[in-house]
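**Student:** Starting off with a structure, shown below.
The values are calculated or read from the model by the stated rules, or taken from the named source; none is laboratory data. The model shown is predicted, which means the values in this text are computed figures rather than measured ones. Because the Cβ atoms are built from the backbone with ideal geometry, glycine has one as well, and the counts that use them run over all protein chains shown. Surface areas here come from the heavy atoms of the whole protein model, side chains and all, with no ligands, DNA or RNA. Shrake-Rupley method; radii C 1.70, N 1.55, O 1.52, S 1.80 Å.
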Amino acid sequence: MKAILLDSVAVQRFTVQSLIDGFEGPQGYSERYGLHYVNFEDPDRPRTPKASAYYFSQVIERNGFGEKTVTSSGQTIATRYQESSRRVSLPPSEVPSKSKVVWEKFSPQSRFQKKLYHYGTFPEDFQWGVSTSAYQIEGGWDADGKGPSVWDTFTHTPGSIKNDDTGDVACDSYNKLEEDLYMLRALKVKAYRFSLSWPRIFPDGYRTSLNQKGVDYYNRLIDGLIANNITPMVTLFHWDLPQALQDIDGWDNVAMIEIFNDYADFCYETFGDRVKFWMTFNEPFVTSWVGYGPGIVPPNIKSPGDAPYRVTHNILKAHAKAYHTYDDKYRKTQHGLVSISLNTEWIEPLDVNVPREIAAADRALQFQLGWFAHPIFKNGDYPDAMKWQVGNKSELQGLAESRLPTFTEEEKAYIQGTADVFCLNTYSARQARHVTARLSPRSYEYDQDIAADDVSDSQATAMKELRAAAWGLRRLLNWIKEEYGDPEIYITENGVSTDTSITVDDTDRIFYLKTYIDEALKAHNLDAVRLKGYTAWSLMDNFEWINGYSVGFGLHHVDFKHPDRPRTPKRSTHYYYKVMRDNGFPLPEEEKPLYGHFREGFAWSVATASYQIEGGWRADGKGLSIWDTFAHTPLRVGNDDTGDIACDSYNKISEDVEMLKKLKVSHYRFSISWPRIMPDGTTSTINEAGLNYYHRLVDALLKANIKPQATLYHWDLPQALQNVRGWENDTIVERFKDYADVVFKSLGDKVKFWITINEPYNVANIGHGYGTAAPGISLRPGTAPYIVAHNLIKAHAEAWHLYNDKYRATQGGIVGITINSDWAEPRNPYKQEDYEAARRVVEFQIGWFAHPVFNGDYSDVMKNRIRERSLAAGQAKSRLPEFTPEEVKRIKGTYDYFGFNHYTTILAFNLDYKNLQHYDADRGAGTIHDRSWLDSGSSWLKVTPPGFRTILNFIKNEYGNPPIYITENGISERGDMDLNDIHRIHYYENYINQALKAYLLDDVDIRGYTAWTLMDNLEWATGFAEKFGLFYVNRSDPSLPRIPKKSATHYATIINCNGFPDPSQGPHECQTLEPEEGPEGNHKFLLMSAPDAEVALYVLFSLTIAGVITVAIITYQCIKVKKRSKHLSEEHIKLSKVS
């Protein structure tokens, strides 16, 4: 600066070395140059601003060392508020209120409809913010003349707070104003919501005790916000009442109305030239009920039957008084808004079809939110539901009058309309049900006659009473819209708690923000809710009331054990910054549809597996399989289901082929049951009846111009071979080769597409590691899966060579193996350890089998990790078997294509399993799902289409762009059948489109696509509960009719179009299919219960008899008429001739 100003040196820029601590050459990490401290011992590498960062930020802000001038007119505030007028009075709510339409609209939604992610953005003037409160962050509890608050008194009483924590220092924001402004600047929020500490401004609660140093602190904060173009949103009372006022009974004293008004008047006068958004009270429900009912928080008064009602009465009057003071004295010159922040959780009824339960849910909302909102936003009085309940309970308790106070008509008129906008704090959702509650003791809680429970599809948080259920937010916003006359709404608090073990890598908070903000976006964009702003709770971890510092809601981590209280941005900070920058969730590029077509001759197929559909488990000489044994073992398969009959496809070839014809597939993938052809697994007995079944199936397919794709092994190993250790016995390799030889020889002149083994990963790890599939082995998880996989790979190779050497020349088919894999993304995309873990997940699943087949051996990642972990555990060698050089040579290249099954994507993170010796420990990764991903009927299957394209590219790049046939892809559902399976349509539409992108944009050599599955079937260990089918199988009908779902028509249309025609070109002729009888046709009665179906059949029979009689009568009359007509006609002819 001196060189520039005094010496006229033309310095153009000044660059600090360095932004963060880094690797400093020979000195390593021992020397630190950074403005931000990096903890190199933490795998998250958190960056924490040093004091120098705050200092340098101020220098930049001032562009040197001069004083920054702050305009006191408030012109720098981004948001300008218009003149407000009082809200019109609304009629009182009915019981239940007309807002029950919200439950009627949303409660019947399916999980798919409820969770479908909405892409879009908010209006440009949408106000994004973060929030805090004075007691939770400021500290300085007795600094510079501040008076004690009720929370100071409470926390200084031993045993009141977890770990006896206090807010004496908290985040020390009273002394760290620049640090707080630095966080807000970096986050680039439009608004910052904070509260004023009443006892810091008026130490004893009265204007006469004015503490100028407290006022100065808030002036500096407000000026700093305005200088950075951040709108101050100021709460007058966030629970920290001056203790001196509590000493005169606090909010239970009507004198508080005037005392609070004087405090509010001073704040408006002092700060109102810059503050344009005021909230009088934060969550008065907490003060009234939690403070005066059970007395969990200050002032710790346990009087649940009457004190909460009196306190609320005074708070509403105090709020109205403060509102009118602003309206009368300041609004014309300051042009601000005044409201009150009310809190509630969403309440879902136990059963939306039961009026009493709807009334209970409505009553729960009226008792919490309506307690305050109904007087302010409707008619100045409490909701009738409250007045009725409390009045009746009071009378039943022998009281002369209701415990709920009454307002005079003048008071109602004074209170009604005293909020310019609706400010809402919400965190969770619950389910209410009607109960008849006790009369004694008298309590606000029992007055409601409800019981509340957690909703079933909510997620746990660090605070058990605040479970996450994002879908409730949209419903709540709609309820407020309906109930309170469509007000403008600001969400003034919303966030989630994590425990102290979570520092900066707060994935759960990202999921929370991602889902809750999207529900707010749905309410705004789809439901026309007038949502104007969203404020995240909280800027930083702070004193979390009775939980002390044991949980954190912050976007920034605060180290409360460090005297400087350093603030470190969490990963959620970066996420929330991105959401605000994008103003919501614009449709990502990878989610945008592509219009185009697959190659000519693309193989469109649908798949099944023998054990899942055939049935006939002991028919015509079939031997037992391991799945027969497994399913007949108690507690192995859900609902004790078995494949004894399954879909009875062994007896329904024609029905199955008819389904295939409706789908317009060019191929059909099915599997051959080894024990149906070779009952003991060896060539000692060939079951001709079993072979004949497959001949008849293949012939029927070819007659319908459908090409067969046959899988030799889809998990149903002959039990006789399992009795000699099955896939753990290396003799299985020759047994499998013998089996393949029989099948190739018998069917190879008709079948030209062979799959040796389906999903060897599941055989090896699910069947022999976890033991949750046949043969159910879990005792050797560190060795058995690897031995089994080793033999599976060798068996595949031998079958491939057999076909190549003996049959290819004459039969001309292709042979491959089908490998399954999820795609894995790092849980934390900013963390190298998670990237490496995600790569390991893929290497250990797809690479376990693809690497040997395409490259000759296991990947170095697998070999090195398993060897190192085995040796570290004291074993003499690796638990992963080794291929000999001859085996490597023989296995490498045993493919004609890459068969690939894919369903979903997971998020992976590094996880140290210590000394455990098993597959999961070897890969060293944990996995989770993004909470925003759509569900299915299977816990492991989430809808994540972009991962499909990514893993197809992985195969291309990793294995030399082989021809790829997608041999399985699909989605399940559970519960009652809905033939309008929009979730499956959505899945296929998006997944197939991602495959098209891989083909057209990325040059992935995709040759075919196979949907899983043709019809609902036995879904392995889950039985018939999970349904993947394009056709519904009605299992209540012994004939097991197959009924097309809507997805069947949709898939057929995609096949008919060979992709996706551009809609901008108008409807394409390929999108018009020949009419097929679908779910709206004559299949409805097949979904009936047995009694209903019986009645329907009797009705149909009666109508049929009546119809026959009617037809007979009509026929008789027609014959008579015809004869007469003929006679007349003949006469006419004769007459004509005469003439």
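**Student:** If you take the residues in the range 737-760 that are in contact with a His (Cβ under 6 Å, 6 or more places away or on another chain) and not hydrophobic (A, V, I, L, M, F, W, C), which one is nearest to Ile966 (Cα to Cα)?
**Tutor:** Asn758
**Student:** Further question on the same structure: Take the residues in the range 430-461 that are of a type in the set (A, V, I, L, M, F, W, C) and over 28 Å from Ser936 (Cβ atoms), then tell me which one is least open to solvent (accessible area, probe 1.4 Å).
**Tutor:** Ala432
**Student:** Name, by its number, the condition in (1) under 38 Å from the mean Cα position of the chain (by Cα); (2) among the hydroxyl-bearing types (Ser, Thr, Tyr); (3) open to solvent by 20 Å² or more (accessible area, probe 1.4 Å) that does not hold for Thr344.
**Tutor:** So the condition that Thr344 fails would be (3).
**Student:** Still on this structure: Mind checking which residues of the range 196-217 are surrounded by fewer than 23 Cβ atoms within 10 Å (Cβ to Cβ) and in a helix (DSSP H, G or I)?
**Tutor:** Selection gives Arg207, Thr208, Ser209, Gln212, Lys213, Val215, Asp216.
**Student:** Then there is this: If the requirement is being over 37 Å from the mean Cα position of the chain (by Cα), assigned to a loop (DSSP other than H, G, I, E, B) and within 23 Å of Phe630 (Cα to Cα), which of these qualifies: Val724, Val751?
**Tutor:** Val724
**Student:** Sticking with this structure for a sec: Restricting attention to the range 481-504, which residues are open to solvent by less than 20 Å² (accessible area, probe 1.4 Å) and assigned to a loop (DSSP other than H, G, I, E, B)?
**Tutor:** Result: Tyr484, Pro487, Asn494, Gly495, Val496, Ser497, Val504.
**Student:** Can you work out which of the residues in the range 1056-1075 that are within 16 Å of Leu594 (Cα to Cα) and assigned to a helix (DSSP H, G or I) is least open to solvent (accessible area, probe 1.4 Å)?
**Tutor:** So the residue we want is Cys1057.
**Student:** Please go through the range 603-622 and pick out each residue that is in a loop (DSSP other than H, G, I, E, B) and open to solvent by 10 Å² or more (accessible area, probe 1.4 Å).
**Tutor:** Kept after step one, since they are in a loop (DSSP other than H, G, I, E, B), are these residues of the range 603-622: 608-609, 614-618, 622.
Answer for the range 603-622, where residues must be in a loop (DSSP other than H, G, I, E, B) and open to solvent by 10 Å² or more (accessible area, probe 1.4 Å): Gly616, Trp617, Arg618, Lys622.
**Student:** How many of the residues in the range 772-787 are touching a Pro at 6+ places or on another chain (Cβ under 8 Å) and open to solvent by less than 10 Å² (accessible area, probe 1.4 Å)?
**Tutor:** Adding up the residues that qualify gives 1.
**Student:** Does Ala1025 meet the test of being part of a loop (DSSP other than H, G, I, E, B) and out of contact with any strand residue (DSSP E or B) (no Cβ under 9 Å at 6 or more places or on another chain)?
**Tutor:** Spelling it out, Ala1025 is indeed part of a loop (DSSP other than H, G, I, E, B) and out of contact with any strand residue (DSSP E or B) (no Cβ under 9 Å at 6 or more places or on another chain).
**Student:** A further question follows. (1) open to solvent by less than 10 Å² (accessible area, probe 1.4 Å); (2) assigned to a loop (DSSP other than H, G, I, E, B): which one isn't true of Gly816, the others all being true?
**Tutor:** (2)
**Student:** If you check every pair at least six apart or on different chains, which have Cβ atoms under 8 Å apart with a residue in the range 252-281 that is on the phi < 0 side of the Ramachandran plot first and a residue that is modelled with pLDDT under 95 and of a type in the set (Lys, Arg) second?
**Tutor:** Hits for this filter: Lys276/Arg80.
**Student:** Sticking with this one: Among the residues of the range 526-556, which ones are open to solvent by 40 Å² or more (accessible area, probe 1.4 Å) and either of a type in the set (Ser, Thr, Tyr) or part of a strand (DSSP E or B) (or both)?
**Tutor:** Lys532, Tyr549
**Student:** Here's another thing I want to ask about it. Within the bounds of the range 643-666, is there any residue that is touching a residue at least 40 places away in the same chain (Cβ under 8 Å) and under 22 Å from Val815 (Cα atoms)?
**Tutor:** yes
**Student:** When you go through Val286, Val290, Val338 one by one, which is the residue that is without any contact (Cβ under 8 Å) to a residue 60 or more places away in the chain, more than 26 Å from Leu399 (Cβ to Cβ) and either in a helix (DSSP H, G or I) or not acidic (Asp, Glu) (or both)?
**Tutor:** Being without any contact (Cβ under 8 Å) to a residue 60 or more places away in the chain, more than 26 Å from Leu399 (Cβ to Cβ) and either in a helix (DSSP H, G or I) or not acidic (Asp, Glu) (or both) holds for just one of Val286, Val290, Val338, which is Val286.
**Student:** Continuing with this model, one more query. Listed residues Gln416, Gln431; which is more than 26 Å from the chain's Cα centre (by Cα) and either within 29 Å of Ser497 (Cβ to Cβ) or not basic (Lys, Arg) (or both)?
**Tutor:** Criteria check complete, one pass: Gln416.
**Student:** Moving on to the next point. Please specify each residue of the range 41-67 satisfying the condition of being of a type in the set (Val, Ile, Thr) and surrounded by fewer than 17 Cβ atoms within 10 Å (Cβ to Cβ).
**Tutor:** Residues satisfying the conditions are Val59, Ile60.
**Student:** Is it true that some residue in the range 851-872 is hydrophobic (A, V, I, L, M, F, W, C), farther than 28 Å from Pro962 by Cα, open to solvent by 20 Å² or more (accessible area, probe 1.4 Å) and in a helix (DSSP H, G or I)?
**Tutor:** Within the range 851-872, one or more residues are hydrophobic (A, V, I, L, M, F, W, C), farther than 28 Å from Pro962 by Cα, open to solvent by 20 Å² or more (accessible area, probe 1.4 Å) and in a helix (DSSP H, G or I).
**Student:** Considering the range 354-385 alone, what residues qualify as being part of a helix (DSSP H, G or I) and small (Gly, Ala, Ser)? Walk me through how you get there before you give the answer.
**Tutor:** So in the range 354-385, the residues part of a helix (DSSP H, G or I) come out as 355-379, 384-385.
Scanning the range 354-385 gives Ala359, Ala360, Ala361, Ala364, Gly370, Ala373, Ala385.
**Student:** Moving to a separate point now. Here are the criteria: (1) touching a Lys or Arg at 6+ places or on another chain (Cβ under 7 Å); (2) open to solvent by 30 Å² or more (accessible area, probe 1.4 Å). Tell me which single one Lys889 does not satisfy.
**Tutor:** (1)
**Student:** Here is a further query. Condition first: open to solvent by less than 20 Å² (accessible area, probe 1.4 Å) and part of a loop (DSSP other than H, G, I, E, B). Can you find one or more residues in the range 171-183 that meet it?
**Tutor:** The answer is yes, given that some residue of the range 171-183 is open to solvent by less than 20 Å² (accessible area, probe 1.4 Å) and part of a loop (DSSP other than H, G, I, E, B).
**Student:** Further question: Could you identify the single residue in Ser57, Ser89 that is at pLDDT 85 or above and either part of a helix (DSSP H, G or I) or within 30 Å of Ala432 (Cα to Cα) (or both)?
**Tutor:** Only one candidate passes the filter, namely Ser89.
**Student:** For the range 266-285, give me the residue count where each residue is closer than 19 Å to Leu316 by Cα and either open to solvent by 20 Å² or more (accessible area, probe 1.4 Å) or in contact with a Lys or Arg (Cβ under 6 Å, 6 or more places away or on another chain) (or both).
**Tutor:** 1
**Student:** If you don't mind, another one. Could you check how many residues of the range 291-338 are farther than 13 Å from Asn261 by Cα, in contact with a Leu (Cβ under 8 Å, 6 or more places away or on another chain) and open to solvent by less than 20 Å² (accessible area, probe 1.4 Å)?
**Tutor:** So the count comes out to 2.
**Student:** Return the total of residues in the range 973-1012 being surrounded by fewer than 24 Cβ atoms within 10 Å (Cβ to Cβ) and in a loop (DSSP other than H, G, I, E, B).
**Tutor:** 12
**Student:** Considering only residues that are over 22 Å from Arg567 (Cα atoms), assigned to a loop (DSSP other than H, G, I, E, B), open to solvent by 90 Å² or more (accessible area, probe 1.4 Å) and not hydroxyl-bearing (Ser, Thr, Tyr), which ones fall in the range 13-40?
**Tutor:** Correct list: Arg13, Phe14, Phe23.
**Student:** Kindly establish whether Gly120 is surrounded by fewer than 22 Cβ atoms within 10 Å (Cβ to Cβ), farther than 30 Å from Leu473 by Cα, modelled with pLDDT of 95 or more and among the small types (Gly, Ala, Ser).
**Tutor:** no
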